[in-house]
Amino acid sequence: MGENLLLAFALMLVLEGVVPFLAPQAWRETFRRLIAMSDGQIRFIGLSAMIVGLLLLMIFK
């Protein structure tokens, strides 16, 4: 279980690093847009990402 969690964390870091590496200007613009959003909008995006992630885990496991 612990090994799988570390592997998942490592994969997340790799995926999180792809956009800043390949398109730093787009990454910077995305953060400019995020700063302009309200807390509720950001929470909704986070909740949506968690739900999609959980659904994918359930489908592929």
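Below is a table of values for the structure above.
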{"read-out": "Whole-number accessible area per residue in Å² for the chain, which is evaluated in the context of all protein chains at 1.4 Å", "value": "96"}
{"read-out": "Per residue, the convex hull volume that the Cα atoms of the chain enclose (Å³)", "value": "103"}
{"read-out": "Loop-located trypsin sites (Lys or Arg not before Pro) in region 1-55, at most 10 other Cβ atoms within 10 Å (DSSP)", "value": "none"}
{"read-out": "Rough spin-label spacing in nm, given labels placed 7 Å along Cα→Cβ, for Val18 and Met37", "value": "1.9"}
{"read-out": "Size of electric dipole in the chain: Cβ of Lys, Arg +1 and of Asp, Glu -1, about Cα centre, debye, nearest 20", "value": "160"}
{"read-out": "Note, ³J(HN,Hα) from phi for region 24-29, Karplus 6.51, -1.76, 1.60, rounded to Hz, x at Gly and Pro", "value": "x, 5, 5, 4, 5, 5"}
{"read-out": "Stretch gain in nm, segment Glu29-Leu57, where the contour uses 0.36 nm per residue and the Cα spacing is subtracted", "value": "7.1 nm"}
{"read-out": "Dipole of the chain, positive end: most advanced residue of Gln25, Ser38, Met58 [Cβ charges, Cα centre]", "value": "Ser38"}
{"read-out": "CD proxy at 222 nm, helix term only [per DSSP H run n ≥ 4: -39500 (n - 2.57); per residue of the chain; nearest 500]", "value": "-31500 deg cm²/dmol"}
{"read-out": "With every protein chain in place, the chain: carbon and sulfur % of accessible area (1.4 Å)", "value": "75"}
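The values are calculated or read from the model by the stated rules, or taken from the named source; none is laboratory data. Computed from a predicted model, the values in this text were never measured in an experiment. Neighbour counts run over all protein chains shown; Cβ positions are idealised from the backbone, glycine included. Accessible surface areas use protein heavy atoms only, side chains included; no ligands, DNA or RNA. Shrake-Rupley method; radii C 1.70, N 1.55, O 1.52, S 1.80 Å.
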